[in-house]
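Heads up: the structure comes next, in structure tokens.
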Amino acid sequence: MLFRILIPVLLMSVVDIYAYQAVRTLTKDQVWGRYLYWGLSIAFLVLLVLVIINFDRSAGPQHPLFKIFMGSFVLLFVPKLIISAPLLLEDIVRIIVGISGKIISSSEGGPFMPSRRKFVSQMALALAAIPFAGILHGIFKGKYNYRVIKKTLFFPDLPDAFDGFRLTQISDVHSGSFDNPEKIAYGINLINQQRSDLILFTGDLVNNVADEMEPWKEVFSTLNAPMGKYSILGNHDYGDYVNWPSAEAKAANMQKLYRTHADIGFDLLRNENRVIEKDGERIRLVGVENWGKGFAQHGDLELALQDTSEQEFHILMSHDPSHFDEVVKKHPKKMSLTLSGHTHGMQFGIEIPGVFRWSPVKYRYPKWAGLYEDAGRYLYVNRGFGFLAFPGRVGIWPEITVLELRKGEANA
């Protein structure tokens, strides 16, 4: 326990001390600035220690203390890292200048390095103010800033009856993190407003335990699609991140989660498929359990496809997008469209539609948000409806995806 406390406290203290150099440079004659800085920093370190000591894995990310900690961590630590970067560069220059001065000059005495320049500290603080404001917005507004993203996809082998067929995808609800019933009701209403033929949910209904969904079952039951609502499981749905008192307790939780999907009107696909019929023609909707590189691999695509043919048009729901590159795109039966989630876009990044997008999650998942194509097989990665751990979203907004399928030549 002592080791678990000391390492993060020391690492954060180093960043605190470094970022403080900018505050000290700008508040030489204003003691209140230093007191405010260290007051907030020490309060955060105390909070960190309390979280480490009292963290309850059964409560997980929805524990109030953990939410406060994660919000405070991102709000305070990210700007301090940004402050530290230009100060570090300045210190490298100061060291080089100091060494050069000692070599060139034979004079004794005087400071080794030139003093820190005020404008560098001002620049560092100004740069840090931008993400600080963005994170504040993300905590109080961004996490419920639902965006409807619409795409039209063309498939030459799409059955004629499904030309113009619409489906709405949501993913990563993480109901245990919700804290605003009005905003959730607004999001559910926005899904219904799309009037799609199908509603497809691609996993992570809860953070850890089935009970998290109890307060939200009524509102989610109002989701409506004329040709059905279908769902799969994500890595958080299995309760693997909880210390259960027994294997029986974990199994009971799993059974309750299965019932919860049924209670809110979703047909849960567990390595199986369903026939979707329209005007005498049909497509196959396939759903696998979670299969992730580095995560649990309960998914069995072979089992899910055992009664299908290569000639049929397949839509696959698979929670983790790594499944696409590792298994799906190589499979002899073509999954024309795969729907995934899981990444949340890390709930933090920059997106300028059609111009630029970036999130730290790209270094873990090459396919982390939006539409991808490989040899005529499409993958769409939903950014998630809810949020996990960090109680906010910055630049990567909660998503409702509407995909329209059209008969014709495939294009991006």
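The values are calculated or read from the model by the stated rules, or taken from the named source; none is laboratory data. If you're wondering where the values come from, they're calculated on a predicted model, not measured in any experiment. Every residue, glycine as well, gets a Cβ built from its backbone with ideal geometry; the counts of neighbours run over all protein chains shown. All accessible areas refer to the heavy atoms of the entire protein, side chains included, with ligands and DNA or RNA removed. Shrake-Rupley method; radii C 1.70, N 1.55, O 1.52, S 1.80 Å.
Mind counting the residues in segment 156-177 that are crowded, with 21+ Cβ neighbours inside 10 Å and assigned to a loop (DSSP other than H, G, I, E, B)?
Qualifying residue count, segment 156-177: 5.
Would you mention how many residues in segment 278-334 are open to solvent by 10 Å² or more (accessible area, probe 1.4 Å) and in contact with a Gly (Cβ under 6 Å, 6 or more places away or on another chain)?
Total satisfying the criteria: 3.
Exactly one of (1) open to solvent by 40 Å² or more (accessible area, probe 1.4 Å); (2) over 27 Å from Gly164 (Cβ atoms); (3) modelled with pLDDT of 95 or more; (4) not basic (Lys, Arg) is unmet by Ile352. Its number?
(3) is the only condition that Ile352 fails.
Can you name every residue in segment 147-184 that is aliphatic (A, V, I, L, M) and over 21 Å from the mean Cα position of the chain (by Cα)?
Leu153, Leu158, Ala161, Leu167
Would you list the strands (runs of 3 or more DSSP E) that sit entirely within segment 306-412 and hold 2 or more residues that are closer than 19 Å to Pro159 by Cα?
314-317, 335-340, 377-381, 399-407
If Thr343 satisfies every condition in (1) at pLDDT 95 or above; (2) surrounded by fewer than 16 Cβ atoms within 10 Å (Cβ to Cβ); (3) in contact with a strand residue (DSSP E or B) (Cβ under 9 Å, 6 or more places away or on another chain) but one, which is the exception?
With respect to (1) at pLDDT 95 or above; (2) surrounded by fewer than 16 Cβ atoms within 10 Å (Cβ to Cβ); (3) in contact with a strand residue (DSSP E or B) (Cβ under 9 Å, 6 or more places away or on another chain), Thr343 is out only on (2).
From the list Asp204, Asp197, Asp160, exactly one residue is in contact with a Gly (Cβ under 7 Å, 6 or more places away or on another chain) and acidic (Asp, Glu). Which is it?
Only one candidate qualifies: Asp204.
Tell me which residues, restricted to segment 336-387, are closer than 29 Å to Asp179 by Cβ, without any contact (Cβ under 8 Å) to a residue 24 or more places away in the chain and among the β-branched types (Val, Ile, Thr).
Passing the criteria: only Val361.
Give Ile96, Ile103, Ile68 a once-over and let me know the one that is surrounded by fewer than 18 Cβ atoms within 10 Å (Cβ to Cβ), modelled with pLDDT of 85 or more, in a helix (DSSP H, G or I) and not acidic (Asp, Glu).
Ile96
Of all residues being of a type outside the set (Lys, Arg) and open to solvent by 80 Å² or more (accessible area, probe 1.4 Å) in segment 133-155, which is nearest to Tyr18 (Cα to Cα)? Just the residue, please.
The extreme case among them is His137.
Go through segment 189-212 and give me each residue that's open to solvent by less than 10 Å² (accessible area, probe 1.4 Å) and either over 19 Å from the mean Cα position of the chain (by Cα) or farther than 28 Å from Gly299 by Cα (or both).
Passing the criteria: Ile191, Ser196, Leu198, Ile199, Ala210.
Do we find that Val242 is surrounded by 17 or more Cβ atoms within 10 Å (Cβ to Cβ) and farther than 27 Å from Ile149 by Cβ in this structure?
yes
I need a count of the residues in segment 237-255 that are in contact with an Asp or Glu (Cβ under 9 Å, 6 or more places away or on another chain) and within 15 Å of Gly176 (Cα to Cα).
The total comes to 3.
Could you please find all residues in segment 261-270 being free of Cβ contacts under 8 Å to residues at least 60 places away in the same chain and either open to solvent by less than 20 Å² (accessible area, probe 1.4 Å) or of a type in the set (Lys, Arg) (or both)?
Within segment 261-270, His261, Ile264, Leu269, Arg270 qualify.
Which residues, counting only those in segment 116-126, are part of a helix (DSSP H, G or I) and open to solvent by 80 Å² or more (accessible area, probe 1.4 Å)?
Lys118, Phe119, Gln122, Met123
Here is a check on your reading of the model: is Arg274 touching a His at 6+ places or on another chain (Cβ under 6 Å), surrounded by fewer than 22 Cβ atoms within 10 Å (Cβ to Cβ) and either closer than 14 Å to Asn235 by Cα or not aliphatic (A, V, I, L, M) (or both)?
So Arg274 fails the test.
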